[in-house]
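Below is one structure; the comments refer to it alone.
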């Protein structure tokens with residue numbers, strides 16, 4: 001297995017790897033048909049084994065603080081995608097990808113990484129083992145059907161009838177939201193400082 005820079009011809013392998021990895025997570029329905037492009041400089045790496053893409057990481061790097069990541073001091077980089085093919089998990093690829101990305105991020109003056117994830121306990125524990133700290137959270141709420149949409153979502157366009165919706169809940173009644181809607185995920189922001197202690 002080797003980690004290298006992403007190339008345009010990797011796109012199909014990148015998409016397959018991400019889809020298969022995300023199917024096992026709370027992001028199972030966040031399917032991309034093509035690789036995301038970024039408006040800022042990016043660090044895009046893949047793990048390759050026997051000619052196949054088995055892992056990936058994409059970081060979008062700030063050139064001005066607070067433009068990609070939360071508004072905190074110093075330049076940040078957002079981990080938009082981190083995935084390892086299910087057949088290759090448990091081999092250290094998930095740790096090797098961020099290690100390679102961190103070295104490149106430091107060269108660009110990045111002082112912290114941020115990553116959002118949902119409430120997959122194994123993923124959250126992995127981030128914490130890597131030294132990330134939880135700094136924020138809110139709820140992702142999926143509304144499906146008339147009963148859940150009633151009183152929460154409506155259309156002001158004649159003839160347009162909502163049947164599903166996705167929403168962010170940033171209020172204080174977390175338990176009330178969890179009781180009312182069937183599919184609710186906590187979306188957690190993790191941060192890793194790249195500044196050497198001492």
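The values are calculated or read from the model by the stated rules, or taken from the named source; none is laboratory data. All values derive from a computational prediction rather than experimental measurement. Here the Cβ is made from the backbone with ideal geometry for all residues, glycine too, and neighbour counts use every protein chain on show.
Restricting 82, 75 to residues that are under 18 Å from the mean Cα position of the chain (by Cα), modelled with pLDDT of 95 or more and surrounded by 14 or more Cβ atoms within 10 Å (Cβ to Cβ) narrows the list to 82. Of everything listed in (1) touching a residue at least 24 places away in the same chain (Cβ under 8 Å); (2) under 14 Å from the mean Cα position of the chain (by Cα); (3) in a strand (DSSP E or B), the single unmet condition for residue 60 is (1).
Regarding residue 114, is this residue farther than 19 Å from residue 31 by Cβ, touching a strand residue (DSSP E or B) at 6+ places or on another chain (Cβ under 9 Å) and surrounded by 20 or more Cβ atoms within 10 Å (Cβ to Cβ)? Judged against the criteria, residue 114 is a match.
Of all residues in the range 1-11, one or more are surrounded by fewer than 17 Cβ atoms within 10 Å (Cβ to Cβ) and at pLDDT below 95. Checking each residue in the range 1-23 for being in a loop (DSSP other than H, G, I, E, B) and under 25 Å from residue 102 (Cβ atoms) picks out 1, 6, 7. Considering the range 110-146, and only residues there that are over 18 Å from the mean Cα position of the chain (by Cα) and modelled with pLDDT of 95 or more, the residue that is nearest to residue 58 (Cα to Cα) turns out to be 110. Is one or more of the residues making up the range 23-37 surrounded by 15 or more Cβ atoms within 10 Å (Cβ to Cβ), touching a strand residue (DSSP E or B) at 6+ places or on another chain (Cβ under 6 Å) and closer than 20 Å to residue 5 by Cα? Checking the range 23-37: not a single residue is surrounded by 15 or more Cβ atoms within 10 Å (Cβ to Cβ), touching a strand residue (DSSP E or B) at 6+ places or on another chain (Cβ under 6 Å) and closer than 20 Å to residue 5 by Cα. In the range 108-172, counting only strands (runs of 3 or more DSSP E) that sit wholly within it, the ones holding 1 or more residues that are free of Cβ contacts under 8 Å to residues at least 40 places away in the same chain, touching a helix residue (DSSP H, G or I) at 6+ places or on another chain (Cβ under 9 Å) and not assigned by TED's automatic domain parsing to the domain that holds residue 29 span 133-144, 164-169. Residues of the range 177-197 that are closer than 26 Å to residue 25 by Cβ and outside any strand (DSSP E or B): 177, 178, 179, 180, 181, 182, 194.
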